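To start, the structure itself, in C-alpha coordinates.
The values are calculated or read from the model by the stated rules, or taken from the named source; none is laboratory data. The model shown is predicted, which means the values in this text are computed figures rather than measured ones. We place every Cβ from the backbone using ideal geometry, glycine too, and count neighbours over all the protein chains shown.
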Amino acid sequence: MSNEIMKKLPEDVIIYILLRFSVKSLLRFKFISKSWYTLLQSWRFKNIHINGTTTTNNEFIIFSRSFKKTQGFKNVLSINSSHDHNDLVLLDLDLPYLNFTRGFNELVGPCNGLIVLTDNDVIILFNPATRNYTSLPPSPFVCQKGFHRSFKGGIGFGFDSIGNDYKFVRISEVFLDAYWGPDKQEKKVEVYDLCIDSWRDVNDDMDQQFPSVFSNPSFEIFFHGIFHWYGKRDRIYVILCFDISTEIFHIMNMPDSCNVFDGKCYSLRVLNRLLTLICYPSSNNDLNQHTMDIWIMMEYNVHHSWTKMYIIKPFPIEFPLRTWRDHLLLLQSKSGLLISYDLNSNQVKEFDLHAYPKSLRVIVFKESLISIPKRGP
(Lines give C-alpha, C1' and ligand atoms only; values in the text may rest on other atoms or scores of the structure.)
Protein backbone atom coordinates (compact mmCIF):
# COMPACT_ATOMS: atom_id res chain seq x y z
CA MET A 1 0.00 0.00 0.00
CA SER A 2 2.74 2.44 0.94
CA ASN A 3 4.66 1.67 -2.27
CA GLU A 4 1.56 2.45 -4.30
CA ILE A 5 1.21 5.81 -2.55
CA MET A 6 4.88 6.55 -3.16
CA LYS A 7 4.48 5.85 -6.86
CA LYS A 8 1.39 8.03 -7.26
CA LEU A 9 2.55 11.10 -5.32
CA PRO A 10 5.47 13.31 -6.40
CA GLU A 11 8.48 12.97 -4.10
CA ASP A 12 8.31 16.66 -3.15
CA VAL A 13 4.75 16.17 -1.90
CA ILE A 14 5.77 13.12 0.13
CA ILE A 15 8.67 15.04 1.66
CA TYR A 16 6.35 17.92 2.56
CA ILE A 17 4.03 15.48 4.35
CA LEU A 18 6.83 13.66 6.18
CA LEU A 19 8.33 16.91 7.44
CA ARG A 20 5.26 17.35 9.63
CA PHE A 21 6.15 14.30 11.72
CA SER A 22 8.50 13.99 14.67
CA VAL A 23 11.87 12.27 14.40
CA LYS A 24 10.54 9.44 16.53
CA SER A 25 7.79 8.78 13.97
CA LEU A 26 10.15 9.14 11.00
CA LEU A 27 12.47 6.52 12.48
CA ARG A 28 9.55 4.08 12.56
CA PHE A 29 8.53 4.98 8.99
CA LYS A 30 11.88 3.72 7.70
CA PHE A 31 10.65 0.16 8.16
CA ILE A 32 7.47 0.56 6.10
CA SER A 33 9.18 -0.19 2.79
CA LYS A 34 12.53 -0.06 1.01
CA SER A 35 11.54 3.11 -0.85
CA TRP A 36 10.60 4.89 2.39
CA TYR A 37 13.85 3.72 3.98
CA THR A 38 15.89 5.03 1.05
CA LEU A 39 14.13 8.40 1.11
CA LEU A 40 14.43 8.91 4.86
CA GLN A 41 18.10 7.88 4.83
CA SER A 42 18.99 10.20 1.95
CA TRP A 43 21.11 13.30 2.55
CA ARG A 44 18.56 15.34 0.59
CA PHE A 45 15.75 14.56 3.02
CA LYS A 46 17.98 14.99 6.12
CA ASN A 47 19.18 18.39 4.91
CA ILE A 48 15.66 19.56 4.09
CA HIS A 49 14.53 18.34 7.51
CA ILE A 50 17.26 20.11 9.51
CA ASN A 51 16.97 23.34 7.49
CA GLY A 52 13.19 23.49 7.72
CA THR A 53 11.22 25.87 9.90
CA THR A 54 11.73 25.46 13.63
CA THR A 55 8.46 24.97 15.52
CA THR A 56 7.52 24.08 19.08
CA ASN A 57 7.00 20.50 17.87
CA ASN A 58 10.61 19.92 16.81
CA GLU A 59 12.45 22.03 19.40
CA PHE A 60 13.55 20.61 22.73
CA ILE A 61 15.79 21.45 25.68
CA ILE A 62 18.49 19.18 27.04
CA PHE A 63 19.91 19.63 30.55
CA SER A 64 23.12 18.46 32.14
CA ARG A 65 23.38 18.88 35.90
CA SER A 66 25.19 17.47 38.92
CA PHE A 67 24.18 16.46 42.41
CA LYS A 68 26.50 16.24 45.40
CA LYS A 69 26.95 12.72 46.81
CA THR A 70 28.76 11.46 49.87
CA GLN A 71 31.74 10.87 47.64
CA GLY A 72 31.99 12.93 44.47
CA PHE A 73 29.06 13.89 42.24
CA LYS A 74 26.30 12.27 40.25
CA ASN A 75 25.78 13.72 36.77
CA VAL A 76 22.38 13.54 35.08
CA LEU A 77 21.47 14.22 31.46
CA SER A 78 17.77 14.97 30.84
CA ILE A 79 15.57 16.11 27.97
CA ASN A 80 12.42 18.21 28.26
CA SER A 81 9.58 16.41 26.49
CA SER A 82 7.07 19.24 27.00
CA HIS A 83 6.36 21.91 24.39
CA ASP A 84 4.92 24.25 27.00
CA HIS A 85 7.52 26.77 28.17
CA ASN A 86 5.61 27.12 31.43
CA ASP A 87 6.30 23.52 32.40
CA LEU A 88 9.14 21.01 32.42
CA VAL A 89 8.59 17.29 31.87
CA LEU A 90 12.02 15.71 32.14
CA LEU A 91 13.12 12.36 30.77
CA ASP A 92 16.52 11.18 31.98
CA LEU A 93 18.85 9.81 29.31
CA ASP A 94 21.20 6.91 29.89
CA LEU A 95 24.42 6.81 27.88
CA PRO A 96 26.96 4.09 28.75
CA TYR A 97 29.94 6.41 28.23
CA LEU A 98 28.68 9.17 30.47
CA ASN A 99 29.82 8.00 33.87
CA PHE A 100 31.27 11.38 34.73
CA THR A 101 31.90 12.16 38.38
CA ARG A 102 32.99 15.81 38.25
CA GLY A 103 31.03 18.70 39.71
CA PHE A 104 30.02 19.72 36.20
CA ASN A 105 30.32 18.68 32.55
CA GLU A 106 30.25 20.78 29.42
CA LEU A 107 27.52 20.79 26.76
CA VAL A 108 28.73 22.19 23.44
CA GLY A 109 26.41 22.91 20.52
CA PRO A 110 23.96 22.37 19.06
CA CYS A 111 25.00 22.02 15.43
CA ASN A 112 22.45 20.43 13.08
CA GLY A 113 20.82 18.80 16.09
CA LEU A 114 24.09 17.28 17.34
CA ILE A 115 25.74 18.15 20.64
CA VAL A 116 29.01 17.37 22.40
CA LEU A 117 29.33 16.37 26.05
CA THR A 118 32.76 16.41 27.61
CA ASP A 119 34.72 16.53 30.84
CA ASN A 120 37.93 17.06 28.79
CA ASP A 121 38.93 13.42 29.27
CA VAL A 122 35.86 11.83 27.65
CA ILE A 123 34.24 13.44 24.59
CA ILE A 124 30.83 12.23 23.37
CA LEU A 125 29.13 13.26 20.12
CA PHE A 126 25.40 12.74 20.57
CA ASN A 127 22.11 13.13 18.68
CA PRO A 128 19.43 13.46 21.41
CA ALA A 129 16.57 12.90 18.95
CA THR A 130 17.81 9.52 17.64
CA ARG A 131 19.86 8.59 20.76
CA ASN A 132 22.74 7.94 18.34
CA TYR A 133 26.17 8.65 19.86
CA THR A 134 29.86 7.86 19.66
CA SER A 135 32.94 8.45 21.77
CA LEU A 136 35.74 10.44 20.16
CA PRO A 137 39.25 8.99 20.36
CA PRO A 138 41.66 10.56 22.83
CA SER A 139 44.18 13.07 21.52
CA PRO A 140 47.55 11.44 20.70
CA PHE A 141 49.40 14.45 22.13
CA VAL A 142 51.62 13.65 25.12
CA CYS A 143 53.40 16.31 27.18
CA GLN A 144 57.14 16.07 27.41
CA LYS A 145 58.64 15.34 30.80
CA GLY A 146 58.66 18.47 32.94
CA PHE A 147 55.59 20.01 31.28
CA HIS A 148 51.91 20.13 32.20
CA ARG A 149 48.85 20.52 29.97
CA SER A 150 45.91 22.62 31.13
CA PHE A 151 42.34 22.61 29.71
CA LYS A 152 40.89 25.77 31.18
CA GLY A 153 38.83 26.79 28.16
CA GLY A 154 38.51 26.68 24.40
CA ILE A 155 36.23 23.79 23.39
CA GLY A 156 34.20 24.04 20.19
CA PHE A 157 32.12 21.95 17.80
CA GLY A 158 30.64 22.82 14.41
CA PHE A 159 29.96 21.86 10.80
CA ASP A 160 32.41 22.66 8.03
CA SER A 161 30.10 23.53 5.11
CA ILE A 162 33.02 23.62 2.66
CA GLY A 163 34.55 20.28 3.59
CA ASN A 164 31.13 18.77 4.47
CA ASP A 165 32.51 17.54 7.78
CA TYR A 166 31.90 17.94 11.51
CA LYS A 167 34.85 19.19 13.54
CA PHE A 168 35.72 19.43 17.21
CA VAL A 169 38.35 22.01 18.20
CA ARG A 170 40.16 22.28 21.52
CA ILE A 171 42.56 24.94 22.80
CA SER A 172 44.90 24.02 25.64
CA GLU A 173 47.97 25.47 27.29
CA VAL A 174 51.25 23.72 27.98
CA PHE A 175 53.28 24.92 30.98
CA LEU A 176 56.53 24.08 32.63
CA ASP A 177 55.63 22.11 35.76
CA ALA A 178 57.77 24.42 37.85
CA TYR A 179 56.22 27.66 36.55
CA TRP A 180 52.74 28.53 35.30
CA GLY A 181 53.38 32.15 34.38
CA PRO A 182 52.02 33.52 31.08
CA ASP A 183 55.50 33.98 29.61
CA LYS A 184 56.18 30.25 30.00
CA GLN A 185 53.07 28.91 28.34
CA GLU A 186 52.40 27.65 24.84
CA LYS A 187 48.98 27.55 23.20
CA LYS A 188 48.09 24.29 21.48
CA VAL A 189 45.17 24.03 19.02
CA GLU A 190 43.87 20.61 17.97
CA VAL A 191 41.09 19.72 15.55
CA TYR A 192 39.28 16.41 15.32
CA ASP A 193 37.74 15.58 11.90
CA LEU A 194 34.76 13.24 12.10
CA CYS A 195 35.14 12.02 8.50
CA ILE A 196 38.70 10.76 9.02
CA ASP A 197 38.31 9.97 12.74
CA SER A 198 41.57 11.56 13.85
CA TRP A 199 43.12 14.54 15.61
CA ARG A 200 45.63 16.95 14.10
CA ASP A 201 47.45 20.11 15.15
CA VAL A 202 46.43 23.51 13.78
CA ASN A 203 48.82 26.44 13.69
CA ASP A 204 47.28 29.77 14.62
CA ASP A 205 48.40 32.36 12.08
CA MET A 206 47.14 35.34 14.05
CA ASP A 207 49.23 38.43 13.39
CA GLN A 208 48.37 39.63 16.88
CA GLN A 209 49.08 38.06 20.25
CA PHE A 210 46.90 35.02 20.91
CA PRO A 211 44.57 35.85 23.82
CA SER A 212 44.12 33.86 26.99
CA VAL A 213 40.96 31.76 26.67
CA PHE A 214 38.74 31.15 29.70
CA SER A 215 36.12 28.48 30.22
CA ASN A 216 32.73 30.20 30.23
CA PRO A 217 29.79 27.84 29.57
CA SER A 218 27.45 30.76 28.91
CA PHE A 219 29.74 32.30 26.29
CA GLU A 220 30.85 29.53 23.94
CA ILE A 221 28.66 29.33 20.82
CA PHE A 222 28.82 28.25 17.16
CA PHE A 223 27.31 30.95 14.93
CA HIS A 224 27.76 31.90 11.26
CA GLY A 225 30.12 28.95 10.77
CA ILE A 226 32.39 30.38 13.49
CA PHE A 227 33.01 29.29 17.05
CA HIS A 228 33.30 32.00 19.70
CA TRP A 229 35.14 31.96 23.05
CA TYR A 230 35.66 34.36 25.93
CA GLY A 231 39.20 35.74 25.90
CA LYS A 232 41.45 38.39 27.33
CA ARG A 233 44.38 40.16 25.68
CA ASP A 234 46.37 43.09 27.02
CA ARG A 235 43.86 43.54 29.89
CA ILE A 236 40.99 43.84 27.42
CA TYR A 237 38.11 41.35 27.17
CA VAL A 238 37.66 40.07 23.62
CA ILE A 239 35.76 37.46 21.63
CA LEU A 240 38.10 34.88 20.09
CA CYS A 241 36.65 33.54 16.83
CA PHE A 242 37.58 30.38 14.89
CA ASP A 243 36.25 29.76 11.38
CA ILE A 244 35.47 26.04 11.35
CA SER A 245 35.95 25.78 7.56
CA THR A 246 39.09 27.87 6.95
CA GLU A 247 40.49 27.12 10.44
CA ILE A 248 41.54 30.77 10.82
CA PHE A 249 41.38 32.70 14.10
CA HIS A 250 40.44 36.34 14.47
CA ILE A 251 39.47 38.73 17.26
CA MET A 252 36.10 40.46 17.70
CA ASN A 253 35.83 43.32 20.17
CA MET A 254 33.01 43.73 22.67
CA PRO A 255 31.14 47.04 23.00
CA ASP A 256 33.51 49.74 24.24
CA SER A 257 31.71 50.16 27.57
CA CYS A 258 32.05 46.42 28.27
CA ASN A 259 35.82 46.65 28.61
CA VAL A 260 35.61 48.68 31.79
CA PHE A 261 37.00 46.68 34.72
CA ASP A 262 33.93 47.04 36.92
CA GLY A 263 33.60 43.40 37.93
CA LYS A 264 30.77 42.56 35.54
CA CYS A 265 30.42 39.19 33.80
CA TYR A 266 29.59 38.39 30.18
CA SER A 267 27.53 35.86 28.29
CA LEU A 268 27.41 35.45 24.50
CA ARG A 269 24.17 34.14 23.02
CA VAL A 270 22.00 34.40 19.89
CA LEU A 271 18.74 36.36 20.02
CA ASN A 272 16.53 36.86 16.97
CA ARG A 273 19.33 35.32 14.86
CA LEU A 274 21.76 38.05 15.93
CA LEU A 275 24.87 37.81 18.08
CA THR A 276 23.96 38.98 21.58
CA LEU A 277 26.14 39.96 24.54
CA ILE A 278 24.64 39.86 28.03
CA CYS A 279 26.47 41.98 30.58
CA TYR A 280 25.42 41.18 34.15
CA PRO A 281 26.65 41.91 37.69
CA SER A 282 28.98 39.45 39.36
CA SER A 283 28.20 38.00 42.78
CA ASN A 284 30.48 40.57 44.42
CA ASN A 285 28.63 43.57 43.00
CA ASP A 286 25.86 45.49 44.66
CA LEU A 287 22.79 44.67 42.56
CA ASN A 288 21.30 48.06 43.37
CA GLN A 289 24.22 49.78 41.65
CA HIS A 290 24.25 47.80 38.40
CA THR A 291 21.90 46.64 35.66
CA MET A 292 21.83 43.65 33.33
CA ASP A 293 22.47 45.04 29.85
CA ILE A 294 21.80 43.19 26.61
CA TRP A 295 23.77 44.26 23.54
CA ILE A 296 22.91 43.03 20.03
CA MET A 297 25.32 43.11 17.09
CA MET A 298 23.02 44.26 14.28
CA GLU A 299 25.58 43.41 11.58
CA TYR A 300 27.86 40.47 12.24
CA ASN A 301 31.52 41.32 12.86
CA VAL A 302 30.88 45.07 12.52
CA HIS A 303 31.96 46.64 15.79
CA HIS A 304 29.98 49.88 15.53
CA SER A 305 26.76 47.90 15.03
CA TRP A 306 26.69 46.86 18.72
CA THR A 307 23.43 48.28 20.09
CA LYS A 308 22.17 48.19 23.67
CA MET A 309 18.64 46.80 23.31
CA TYR A 310 17.60 45.95 26.88
CA ILE A 311 18.38 47.36 30.33
CA ILE A 312 17.09 45.00 33.01
CA LYS A 313 16.86 45.54 36.73
CA PRO A 314 19.17 42.78 37.94
CA PHE A 315 18.32 39.87 40.21
CA PRO A 316 20.78 37.39 41.76
CA ILE A 317 21.91 34.77 39.23
CA GLU A 318 24.94 32.54 38.77
CA PHE A 319 25.01 33.00 34.99
CA PRO A 320 22.76 33.04 31.89
CA LEU A 321 22.32 29.65 30.26
CA ARG A 322 20.44 30.04 26.96
CA THR A 323 17.94 32.10 25.04
CA TRP A 324 14.71 30.35 24.06
CA ARG A 325 12.05 31.33 21.54
CA ASP A 326 13.66 34.76 21.07
CA HIS A 327 12.13 36.26 24.21
CA LEU A 328 13.07 33.99 27.13
CA LEU A 329 16.37 33.97 29.00
CA LEU A 330 17.13 30.75 30.85
CA LEU A 331 19.40 31.31 33.86
CA GLN A 332 20.73 29.49 36.91
CA SER A 333 20.17 31.08 40.31
CA LYS A 334 22.79 31.22 43.05
CA SER A 335 21.15 28.23 44.74
CA GLY A 336 21.26 26.11 41.55
CA LEU A 337 17.62 26.62 40.55
CA LEU A 338 16.57 27.04 36.90
CA ILE A 339 14.78 30.35 36.29
CA SER A 340 13.55 32.21 33.21
CA TYR A 341 13.18 35.90 32.38
CA ASP A 342 10.66 37.04 29.76
CA LEU A 343 12.05 39.98 27.75
CA ASN A 344 8.55 40.94 26.65
CA SER A 345 6.76 40.94 30.00
CA ASN A 346 9.72 41.24 32.42
CA GLN A 347 8.30 38.25 34.26
CA VAL A 348 10.64 35.99 36.26
CA LYS A 349 9.63 32.34 36.67
CA GLU A 350 11.18 29.59 38.77
CA PHE A 351 11.18 25.96 37.64
CA ASP A 352 11.29 22.89 39.83
CA LEU A 353 14.71 21.90 38.52
CA HIS A 354 17.63 21.97 40.91
CA ALA A 355 21.33 21.33 40.42
CA TYR A 356 24.57 21.75 42.28
CA PRO A 357 25.52 25.46 41.99
CA LYS A 358 27.40 26.25 38.75
CA SER A 359 26.77 22.73 37.36
CA LEU A 360 23.65 23.38 35.25
CA ARG A 361 24.15 23.36 31.47
CA VAL A 362 21.36 23.87 28.94
CA ILE A 363 21.08 23.48 25.16
CA VAL A 364 18.02 24.25 23.05
CA PHE A 365 18.09 22.08 19.94
CA LYS A 366 16.02 21.20 16.93
CA GLU A 367 15.36 17.52 16.26
CA SER A 368 17.61 16.08 13.57
CA LEU A 369 17.93 12.84 11.59
CA ILE A 370 21.68 13.38 11.10
CA SER A 371 23.42 10.09 11.88
CA ILE A 372 26.73 9.69 13.67
CA PRO A 373 29.06 7.04 12.23
CA LYS A 374 30.16 4.41 14.70
CA ARG A 375 33.86 4.15 15.35
CA GLY A 376 35.72 0.91 15.34
CA PRO A 377 36.57 -0.95 18.53
Query - Residues of segment 215-233 satisfying the condition of being surrounded by fewer than 19 Cβ atoms within 10 Å (Cβ to Cβ) and either under 11 Å from the mean Cα position of the chain (by Cα) or at pLDDT below 80 (or both) - result: SER215, ASN216, PHE223
Report task. Tell me which residues, restricted to segment 134-174, are touching a Ser or Thr at 6+ places or on another chain (Cβ under 9 Å), modelled with pLDDT under 75 and either farther than 20 Å from PHE219 by Cα or charged (D, E, K, R) (or both). Result -> ARG149, LYS152
Report summary line: Reported set for segment 352-367 where residues are at pLDDT below 85 and assigned to a loop (DSSP other than H, G, I, E, B) is ALA355, TYR356, PRO357, LYS358, SER359
Report task. Quick one: which residue in PRO96, PRO10 is surrounded by fewer than 12 Cβ atoms within 10 Å (Cβ to Cβ) and at pLDDT 70 or above? Result -> PRO10
**Report entry** Candidate set: segment 175-205, residues that are among the polar types (S, T, N, Q) and at pLDDT 75 or above; chosen: the one surrounded by the most Cβ atoms within 10 Å (Cβ to Cβ)
**Finding:** SER198
Requested in this report: Would you check if ILE123 is at pLDDT 85 or above and either in the same structural domain as VAL23 (by TED's automatic domain parsing) or more than 24 Å from SER22 (Cα to Cα) (or both)?
Outcome: yes
Query - Residue match in segment 352-362 (condition: crowded, with 17+ Cβ neighbours inside 10 Å, in contact (Cβ under 8 Å) with a residue 60 or more places away in the chain, within 24 Å of VAL76 (Cα to Cα) and charged (D, E, K, R)) - result: yes
Report summary line: Those residues of segment 21-33 that are farther than 26 Å from SER78 by Cβ and surrounded by 12 or more Cβ atoms within 10 Å (Cβ to Cβ) come to a total of 4
